[in-house]
Amino acid sequence: MISHPSRHCAVELQALPSRIGQVRRIVSAQLRYWHLDPLIDRAALGVTELLTNVHRHAQPDKTCTVEIELLLDRLMVSVRDHDPRLPVVTDLKDTKDADALATCGRGLAMVAAVSESWGVRPDGESGKVVWFTLPTPSSTRAGAARPLRRAVTEKPAHRFAKVEHAVDLRRPERAPARSAVVG
């Protein structure tokens, strides 16, 4: 079972194309550290889509915070920005054939497709948080839910005999010479 010393990671950045790749690498490294390698591709794809949305749509600025948090049996990835407008998901069933081949406007649909759940919530007066979750692998789930613990039993302390002289442990002492018994 795996124990997770740190279960939260946050990065604040400007959602610029050059920074999105850096954040993908940070998320990937953190998931490797948490032994969640099977989630790297989906988490990296999801965070890329959310950061791309901030880059394309967020007003008044592109400042955002990416957070990843390891919960008991799932990973939560969220992006907080300063734009209170909530995103709109493009339903692929309602698009025309020409729109179905579009290469943009599908970010949240892709996040929905690769995640266990996702959502958006207002963040105060001037912002929002878009998030998604991924289930953790079963072996990690058990480790995260029940971290390994050593059983400790209390035992009474043993008393030591009083030592008559001090011993310098940095300097080896010679054992006393045995006296020869002459008989």
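The values are calculated or read from the model by the stated rules, or taken from the named source; none is laboratory data. Everything numeric here is computed off the predicted structure, so don't read it as measured data. Every residue, glycine among them, receives a Cβ derived from its backbone with ideal geometry; neighbour counts consider all protein chains shown. Calculation scope for accessible area: heavy atoms of the full protein, side chains included, ligands and nucleic acids excluded. Shrake-Rupley method; radii C 1.70, N 1.55, O 1.52, S 1.80 Å.
Laid out as a table, the results:
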quantity	calculated
Any strands (runs of 3 or more DSSP E) falling wholly within region 73-154 and containing at least 1 residues that are small (Gly, Ala, Ser) and modelled with pLDDT of 80 or more	74-81, 117-122
Residue list for region 53-74, filter: among the hydrophobic types (A, V, I, L, M, F, W, C) and surrounded by fewer than 16 Cβ atoms within 10 Å (Cβ to Cβ)	71, 72
Conditions (1) open to solvent by 50 Å² or more (accessible area, probe 1.4 Å); (2) out of contact with any helix residue (DSSP H, G or I) (no Cβ under 6 Å at 6 or more places or on another chain); (3) at pLDDT 95 or above; (4) not small (Gly, Ala, Ser): number failed by residue 50	(1)
